[in-house]
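Structure first, commentary second.
The values are calculated or read from the model by the stated rules, or taken from the named source; none is laboratory data. Remember, it's a predicted structure, so these values are computed and weren't measured experimentally. Positions of Cβ are backbone-derived with ideal geometry, glycine not excepted, and every protein chain shown enters the neighbour counts.
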Amino acid sequence: MPAASRAGSRAPKGTPRDPAKKTIPNVLQFSKEEELHAYREMLLIRRFEEKAGQMYGMGLIGGFCHLYIGQEAVVVGMQMAAQEGDQVITGYRDHGHMLVCGMDPKGVMAELTGRRGGYSKGKGGSMHMFSKEKNFFGGHGIVGAQVSLGTGLAFANWYRNNGRVSLTYFGDGAANQGQVYESFNMAALWKLPVVYIIENNRYAMGTAVTRASAQTDFSKRGLSFNIPGEQVDGMDVRAVRDAGRRAIDYCRSGQGPYILEMQTYRYRGHSMSDPAKYRSKDEVTRMREEHDPIEQVRRRLLGEWKVSEDELKTIDAKVREIVNEAAEFATHDPEPDPSELWTDVLLDA
Ligand SMILES: Cc1ncc(C[n+]2csc(CCOP(=O)(O)OP(=O)(O)O)c2C)c(N)n1
Ligand SMILES: [Mg+2]
């Protein structure tokens with residue numbers, strides 16, 4: 001948006017308001033570079049996940065595989081608010097988190113196909129990947145387990161006084177686990193630097209939030225521990241970055257944990273086999289058509305920032321190239337040698 005309209009010049013008194021014009025607080029505005037960055041990052045996740053879905057269908061990926069399609073704005077917006085050195089930890093719906101942390105798409109895809117060049121040498125699969133170098137701490141298949149681990153990362157930050165913040169992601173279903181509240185208690189008691197990011201995508205497998213949760217406002221889940229919380233439009237990457245900054249600043253300044261409920265939506269099934277009887281096709285179509293996080297940015301780039309279709313096509317082509325290269329690597333890299341079966345099981349200490 002040009003600077004003049006960003007400054008928000010006032011209309012003369014008595015001018016009727018155009019109801020179609022929504023005034024977005026200045027704080028939600030992105031620069032053109034930020035819009036382009038968010039677009040690229042979200043598109044990389046989307047295309048990567050679409051490719052993973054295809055490869056699963058072709059039998060190249062086995063075991064569990066949970067796609068992040070629809071939720072891209074959450075992790076991209078949060079990472080735009082984070083600083084180098086802040087840690088990320090999440091559950092099994094983790095490919096997007098790894099990509100925004102800067103992990104190599106080839107290594108992630110090769111882990112999905114169980115190849116040597118994968119982040120866990122082909123022995124961990126979709127739910128078990130880590131990169132200490134990129135501050136990504138997994139990838140966890142036990143629902144809610146990452147919450148206590150993420151709190152532990154925050155405890156280490158506090159102990160070392162290193163100024164880092166732990167970004168601990170979990171789902172609406174995981175939010176009902178007991179260990180979450182034990183973690184909240186400790187985090188609040190010791191004022192640990194952890195942002196709890198609850199990705200409320202409305203379902204835990206086939207169970208709607210309203211069927212499983214007595215309190216569906218997840219931002220209130222820390223109330224009895226005095227942990228502040230906010231509900232955020234998790235389909236708008238600008239709203240995510242804005243709330244992310246507030247939460248991370250709060251934690252980094254030593255005031256303790258913070259909760260962000262990201263209101264988001266997953267377009268695909270829970271995992272790769274999902275009868276999808278728990279929601280209507282219309283509901284999914286409506287979300288895709290009216291709230292898609294990538295389409296929102298694309299529209300602003302074309303409209304407000306006058307970026308040409310060609311420029312966007314070049315970005316799209318580049319993203320596809322990265323994903324195709326990753327898929328190519330992941331189909332040709334050899335599988336681990338059978339002698340590797342017993343290695344990396346226990347740590348030699
Ligand atoms: C302790 C535990 N209980 C149950 C499961 C089976 N399970 C896997 S995913 C899932 C749903 C979790 O939903 P949510 O936290 O909303 O995350 P989402 O899949 O929507 O990202 C369940 C019950 C598990 N993996 N671990
Ligand atoms: Mg969920």
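Could you check S253 against (1) within 20 Å of D292 (Cα to Cα); (2) more than 16 Å from ligand 2 (Cβ to nearest atom) and say which number it fails?
(1)
All but one of (1) surrounded by fewer than 18 Cβ atoms within 10 Å (Cβ to Cβ); (2) more than 10 Å from ligand 1 (Cβ to nearest atom); (3) touching a residue at least 60 places away in the same chain (Cβ under 8 Å); (4) β-branched (V, I, T) hold for V284, so report the exception by its number.
Failing condition for V284: (3).
Only one of these conditions is not met by F137: (1) away from ligand 2 (no atom under 16 Å from the Cβ); (2) over 18 Å from the mean Cα position of the chain (by Cα). Which number is it?
That leaves (2) as the condition not met.
Does V284 fit the bill of being in contact with a Phe, Trp or Tyr (Cβ under 7 Å, 6 or more places away or on another chain) and at pLDDT 95 or above?
Judged against the criteria, V284 is a match.
Going residue by residue through segment 210-230, is there one that turns out to be touching a Pro at 6+ places or on another chain (Cβ under 9 Å) and within 15 Å of ligand 1 (Cβ to nearest atom)?
no
Here is a list: A188, A247. Which entry is in a helix (DSSP H, G or I), under 19 Å from the mean Cα position of the chain (by Cα) and aliphatic (A, V, I, L, M)? Don't jump to the end; show me each part of the working.
On the way: A188 fails: under 19 Å from the mean Cα position of the chain (by Cα).
Just a single option satisfies the conditions, and that option is A247.
Test A174 against the stated conditions and say whether it is more than 16 Å from ligand 2 (Cβ to nearest atom) and either surrounded by fewer than 24 Cβ atoms within 10 Å (Cβ to Cβ) or under 17 Å from P257 (Cβ atoms) (or both). Outline the logic, then answer.
Numbers: more than 16 Å from ligand 2 (Cβ to nearest atom): no; either surrounded by fewer than 24 Cβ atoms within 10 Å (Cβ to Cβ) or under 17 Å from P257 (Cβ atoms) (or both): yes.
So A174 fails the test.
Considering only residues that are among the charged types (D, E, K, R) and either touching a Leu at 6+ places or on another chain (Cβ under 6 Å) or over 17 Å from G77 (Cα atoms) (or both), look in segment 243-279 and name the one that is surrounded by the fewest Cβ atoms within 10 Å (Cβ to Cβ).
The qualifying residue surrounded by the fewest Cβ atoms within 10 Å (Cβ to Cβ) is K277.
Would you call N200 within 9 Å of ligand 1 (Cβ to nearest atom) and touching a Gly at 6+ places or on another chain (Cβ under 9 Å)?
On the way: within 9 Å of ligand 1 (Cβ to nearest atom): yes; touching a Gly at 6+ places or on another chain (Cβ under 9 Å): yes.
The answer is yes for N200.
Pick out the one residue from L99, L149 that is surrounded by fewer than 22 Cβ atoms within 10 Å (Cβ to Cβ) and either more than 23 Å from F184 (Cβ to Cβ) or at pLDDT 95 or above (or both). Let's see the steps before the verdict.
Working: L99 fails: surrounded by fewer than 22 Cβ atoms within 10 Å (Cβ to Cβ).
It is L149.
Within segment 195-207, identify whether any single residue is farther than 20 Å from G70 by Cβ and surrounded by 15 or more Cβ atoms within 10 Å (Cβ to Cβ), and answer yes or no. Spell out the reasoning first.
Let us first name the residues in segment 195-207 that are farther than 20 Å from G70 by Cβ, namely 195-196.
Still in the list and also surrounded by 15 or more Cβ atoms within 10 Å (Cβ to Cβ): 195-196.
Scanning segment 195-207, I find at least one residue that is farther than 20 Å from G70 by Cβ and surrounded by 15 or more Cβ atoms within 10 Å (Cβ to Cβ), so the answer is yes.
Please pick out the residue among D242, D217, D233 that is out of contact with any helix residue (DSSP H, G or I) (no Cβ under 7 Å at 6 or more places or on another chain) and acidic (D, E).
So the residue among D242, D217, D233 that is out of contact with any helix residue (DSSP H, G or I) (no Cβ under 7 Å at 6 or more places or on another chain) and acidic (D, E) is D217.
When you check L112 against the structure, is it of a type in the set (A, V, I, L, M) and within 18 Å of M78 (Cβ to Cβ), yes or no?
no
Scan K313, K318, K306 and give me the residue that is at positive phi and at pLDDT 95 or above.
K306
Give me a count of the residues in segment 60-113 that are under 16 Å from the mean Cα position of the chain (by Cα) and either away from ligand 1 (no atom under 15 Å from the Cβ) or aliphatic (A, V, I, L, M) (or both).
25
Determine, yes or no, whether Y169 is among the hydroxyl-bearing types (S, T, Y) and either farther than 14 Å from L260 by Cβ or surrounded by fewer than 17 Cβ atoms within 10 Å (Cβ to Cβ) (or both).
No: the conditions fail for Y169.
Would you point out which residue out of A208, A156, A188 is in contact (Cβ under 8 Å) with a residue 40 or more places away in the chain, out of contact with any strand residue (DSSP E or B) (no Cβ under 7 Å at 6 or more places or on another chain) and more than 16 Å from ligand 2 (Cβ to nearest atom)?
From the options A208, A156, A188, the qualifying one is A188.
With the checklist (1) of a type in the set (S, T, Y); (2) within 15 Å of ligand 2 (Cβ to nearest atom); (3) under 30 Å from A330 (Cβ atoms) in hand, flag the one item T168 doesn't pass.
Among (1) of a type in the set (S, T, Y); (2) within 15 Å of ligand 2 (Cβ to nearest atom); (3) under 30 Å from A330 (Cβ atoms), the lone unmet condition for T168 is (2).
State which residue is modelled with the lowest pLDDT when the search covers only segment 238-274 and only residues that are within 13 Å of ligand 1 (Cβ to nearest atom) and either under 18 Å from E41 (Cβ atoms) or of a type in the set (D, E, K, R) (or both).
Across segment 238-274, the extreme among qualifying residues is D274.
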